[in-house]
Amino acid sequence: MSKSIIFLPAANLAKSPVNVRKRTDPRADAELEASIASHGLLQNLVAVPVARKKGQYRITAGGRRLDAIHRLIEKSLLPADYEVPVQILSNAKDGREISLAENFDRLQMNPAEECRAFRDLLEVEGRTPAEIAKRFGIEERFVLGRLRLANLAEPIFDALEGDEITLDIAKAYATTADTGRQTAVWELLRNSYSRDNVNEIRRSLNGYSYRASDPKALLVGRDAYIAAGGRVEDADLFSTAADERWIDTHILDELAEARLAAEAELIRQREGIGEVRIVTGQRIPYMETYALEPLTGVAEPLTDEEENRKQEIEQEIAVIEQLCEDADYEPEADDETRYTALQDELAAIVERVPVVAPEQKASALAYVMLGADGTPHVHHQLYVAPVAEEEGDGAKDGNEEDGDEEPVDGEQDADTAEDDRPAISQRLRDMLAMMKTELLAVHVASDPAFALDLGTFIMVDRECRYAAYDVPSELRASTAPRLLGDFKPETSAAAEWARLDEALDRSWAAHRAIEERYDAFCALDDEARAAWLGWAIARTLHAVPDGRNGTGFLNHLGRKLGIDVAAWWRPTALTFFDKLTKPGILALFEEIGGVELRARYAGSKKHDLAASAERLFSGNVVVEHNYLKRALAWLPDGMRFTPAEAENDGMISAEIEGGLLMAAADEAGEVAENLSIMSDEDDGAADDTELVQAA
């Protein structure tokens, strides 16, 4: 297949079109070029002779290496007559297969092997990272990164070498040079569902350190932290953030708590607050306040000027609303703008911010926390300070002797025992709670049936009670906000929802303790629990006006459920036609029956026209059969789950297939007779003949 390797001038070589590699990477090409310049060509090329051109060859394997050599010759880094080792194929037809074999049968180095090789060049051969980077045409940062990976904790590096973890996971662990922290997090996560989550690994590592931009660090200051013995670690090689990490978290925690406590006392004295508690963070933990009663202030009374202005606005709003009750009144754009402006002005006067009186502050509990810039500040919500429980009688009873007694052997004073317990910082308490909850979460996630019951209970328990401070979860099934406030039109769906709500088994909700309620809920049968799940999820759906973000998904759900909107909902005067102008209603009549049907009702007043439209679109009027069919199928775009065009195409196909366009002669005569009666009415069809339910 091939001859022996010979050396040929690079100028006599060109890439063959049968070379299977068609694409390349500029960065990889630059690295290859630097490597050839530093180490020479380490692997021969493969070529076939060019017919009728003596001494000329086409390279079928090694095209990237040949291009790199040509560039080096152009840069005068290699001589113009530089010779290249080339293996000549005896059969030119083998060129494509050899090219594929060379590119296909290639094993990429394991990242751990790269790391170890770079470390050996540094430690054994005494090369610097800059020298290594230059000789391989790579960035010095890349070399430093591989060296950092080479110094990973042993179990993590072994996992990388054994392809048990990816390079990205190894990089996440290498964000800190502290192998002790690496090992601790590795042992914590290696058997958890977060073992392959790069972000969770980084968060866990960060839990053992603080960024210099952390509010605690900004509060204490770098100099105070270092003076207390704190250590600083430079920004990691796998992050673009130009900051540093403070490793000794316990030192920073103690300094921050002491500094914040001192600041809190100054704030308490300055603001006249009864009691302050500190939170060395930007948010108050849920368990800190769930059992506390919020303190509400009293809004300042209105001044005489504000009271007079309030009455003027209310009178003007009443006039506008009275005009709107007139069916013939057509509001203009300026009227609507004025009405909105009045409502906003009235709200600004009436909705006043409650003010906490000084005597309330004197008995209040406040939380002092940190801002993003490390500045202490009082949380906006004050609480009623809890009353300390009275100590039991028994410190000294009248019948007791005054003499000091030696404690019985093995007995220890309660206060002494308490003092002997190790001090636990708020950060450590938070960390313990986080790890405990994570353990619970793993088991819940591993039991879908348990999770379904738990999730359903949390949602419905929170919504079935006025105040739910004892549910330690962020899961909610709150009713979606109503676009029209308390206005709730009577529809078939509303009646069905009321029936579903009334049928729910609420026996479990009578228990006082949440544990008892949960056990009682789980004891319900499957059908009862499933009904609660459907109720909880359904009430969270938001009402999204047609055309806004989210409409498409709601329409998709409706189509997937096969909802027949026309069977559930018909437009009425209250829910639709009263909100349209008279020309708008007449346009709908024209859409159903053309100009002729519009002309029949053109003389009606708006109130009568809306009532006639309600009867027509609900099928309670005698009218031509094809008009009635269109009216019963018509829906406004805002009530459709399927576009009108698609529904119309389906209706036309059904009519053609079923022959629904044909009408019996006796039906036509009956319609003609009714139309004759309707045409004799003086008001031009204001009062429609009620439908006889023969159709």
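The values are calculated or read from the model by the stated rules, or taken from the named source; none is laboratory data. Keep in mind that what you see is a predicted model, and the values were worked out from it rather than measured. All Cβ positions, glycine included, derive from the backbone under ideal geometry; neighbour counts span all protein chains shown. Only protein heavy atoms, including side chains, enter the accessible area calculation; ligands, DNA and RNA are left aside. Shrake-Rupley method; radii C 1.70, N 1.55, O 1.52, S 1.80 Å.
Looking across the range 288-322, the residues that are in contact with a helix residue (DSSP H, G or I) (Cβ under 8 Å, 6 or more places away or on another chain) and farther than 14 Å from ILE349 by Cβ come down to LEU295, GLY297, ILE320.
Let's see how each residue does on (1) of a type in the set (Phe, Trp, Tyr); (2) on the phi < 0 side of the Ramachandran plot; (3) open to solvent by 50 Å² or more (accessible area, probe 1.4 Å); (4) modelled with pLDDT under 85:
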residue	(1), (2), (3), (4)
ALA480	no, yes, no, yes
GLY485	no, no, no, yes
THR491	no, yes, no, yes
LEU524	no, yes, no, no
ILE537	no, yes, yes, yes
LEU541	no, yes, yes, yes
VAL544	no, yes, no, yes
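When the range 138-179 is examined, which residues are found to be closer than 25 Å to ALA30 by Cβ and either over 34 Å from the mean Cα position of the chain (by Cα) or of a type in the set (D, E, K, R) (or both)? Hits for the range 138-179 are ILE138, GLU139, GLU140, ARG141, VAL143, LEU144, ARG146, LEU147, ARG148, ALA150, ASP168, LYS171.
May I ask you to say which residue of ARG58, ARG21 is modelled with pLDDT of 85 or more and charged (D, E, K, R)?
Details: ARG21 fails: modelled with pLDDT of 85 or more.
Of ARG58, ARG21, the one residue that is modelled with pLDDT of 85 or more and charged (D, E, K, R) is ARG58.
Of all residues in the range 79-86, none satisfies being assigned to a strand (DSSP E or B), open to solvent by 30 Å² or more (accessible area, probe 1.4 Å) and in contact with a Ser or Thr (Cβ under 8 Å, 6 or more places away or on another chain).
Which members of the range 139-173 meet the condition of being open to solvent by 30 Å² or more (accessible area, probe 1.4 Å), of a type outside the set (Gly, Ala, Ser) and part of a loop (DSSP other than H, G, I, E, B)? Before the answer, list the steps.
Going residue by residue through the range 139-173, those that are open to solvent by 30 Å² or more (accessible area, probe 1.4 Å) are 139-142, 144, 148, 151, 154-155, 158, 161-164, 166-168, 171.
Filter once more, keeping what is of a type outside the set (Gly, Ala, Ser): 139-142, 144, 148, 151, 154-155, 158, 161, 163-164, 166-168, 171.
Selection gives GLU139, ASN151, ASP163, GLU164, THR166.
May I ask you to list the residues in the range 551-608 that are acidic (Asp, Glu) and more than 39 Å from the chain's Cα centre (by Cα)?
Correct list: ASP578, GLU590, GLU591, GLU596, ASP608.
Residues in the range 616-634 that are buried (at least 20 other Cβ atoms within 10 Å of the Cβ) and part of a helix (DSSP H, G or I): LEU616, PHE617, LEU628, ALA631.
Every condition in (1) closer than 30 Å to ALA217 by Cβ; (2) without any contact (Cβ under 8 Å) to a residue 12 or more places away in the chain; (3) surrounded by fewer than 12 Cβ atoms within 10 Å (Cβ to Cβ) is met by LEU266 except one, and the failing one is (3).
Quick check on the range 600-646: of everything there that is among the acidic types (Asp, Glu) and within 24 Å of ALA493 (Cα to Cα), which residue is modelled with the highest pLDDT? So that I can check it myself, show each step before the final result.
Applying the first criterion (among the acidic types (Asp, Glu)) to the range 600-646 yields 608, 614, 624, 637, 645.
Those still in the list that are within 24 Å of ALA493 (Cα to Cα) too: 614, 637.
Working: GLU614: 89, ASP637: 82.
Among them, the one singled out is GLU614.
Could you tell me how many of the residues in the range 284-315 are touching a residue at least 12 places away in the same chain (Cβ under 8 Å), over 42 Å from the mean Cα position of the chain (by Cα) and open to solvent by 60 Å² or more (accessible area, probe 1.4 Å)? Looking only at that region, the number is 2. Just one of the numbered conditions (1) buried (at least 20 other Cβ atoms within 10 Å of the Cβ); (2) over 47 Å from the mean Cα position of the chain (by Cα); (3) free of Cβ contacts under 8 Å to residues at least 40 places away in the same chain is not true of GLN182: (2).
How do the pairs read when you match residues in the range 615-636 that are on the phi > 0 side of the Ramachandran plot and touching a residue at least 60 places away in the same chain (Cβ under 8 Å) with residues anywhere that are open to solvent by 30 Å² or more (accessible area, probe 1.4 Å) and not in a helix (DSSP H, G or I), using Cβ under 7 Å and keeping only pairs 6 or more apart or on different chains? If the second residue must be open to solvent by 30 Å² or more (accessible area, probe 1.4 Å) and not in a helix (DSSP H, G or I), the pairs left are GLY619/LEU691. Tallying residues that are surrounded by 14 or more Cβ atoms within 10 Å (Cβ to Cβ) and among the charged types (D, E, K, R) within the range 87-96 yields 2.
Among the residues of the range 553-577, what is the count of those that are within 16 Å of PHE617 (Cβ to Cβ), in contact (Cβ under 8 Å) with a residue 60 or more places away in the chain and open to solvent by 70 Å² or more (accessible area, probe 1.4 Å)? Final tally of qualifying residues: 2. A Cβ distance below 8 Å, combined with a sequence gap of six or more or placement on separate chains, defines the contacts here; from the range 366-378, residues that are charged (D, E, K, R) reach residues that are open to solvent by 10 Å² or more (accessible area, probe 1.4 Å) and outside any strand (DSSP E or B) in the pairs ASP373/PRO215; ASP373/LEU218. Across the range 274-283, the number of residues qualifying as open to solvent by less than 80 Å² (accessible area, probe 1.4 Å) and under 23 Å from ASP373 (Cα atoms) comes to 6.
A count restricted to the range 87-100 and to residues that are under 20 Å from PRO49 (Cβ atoms), in contact (Cβ under 8 Å) with a residue 40 or more places away in the chain and in a helix (DSSP H, G or I) stands at 6.
Determine, yes or no, whether ARG27 is assigned to a loop (DSSP other than H, G, I, E, B), of a type outside the set (A, V, I, L, M, F, W, C) and at pLDDT below 85.
Details: assigned to a loop (DSSP other than H, G, I, E, B): no; of a type outside the set (A, V, I, L, M, F, W, C): yes; at pLDDT below 85: yes.
Considered against the rule, which asks whether it is assigned to a loop (DSSP other than H, G, I, E, B), of a type outside the set (A, V, I, L, M, F, W, C) and at pLDDT below 85, ARG27 comes out as no.
Do the conditions hold for LEU574, that is, is it within 30 Å of ASP608 (Cβ to Cβ) and not in a helix (DSSP H, G or I)? For LEU574, the condition - within 30 Å of ASP608 (Cβ to Cβ) and not in a helix (DSSP H, G or I) - is met. Looking only at residues in the range 43-73 that are in a loop (DSSP other than H, G, I, E, B) and without any contact (Cβ under 8 Å) to a residue 40 or more places away in the chain, the one that is nearest to ARG96 (Cα to Cα) is VAL50.
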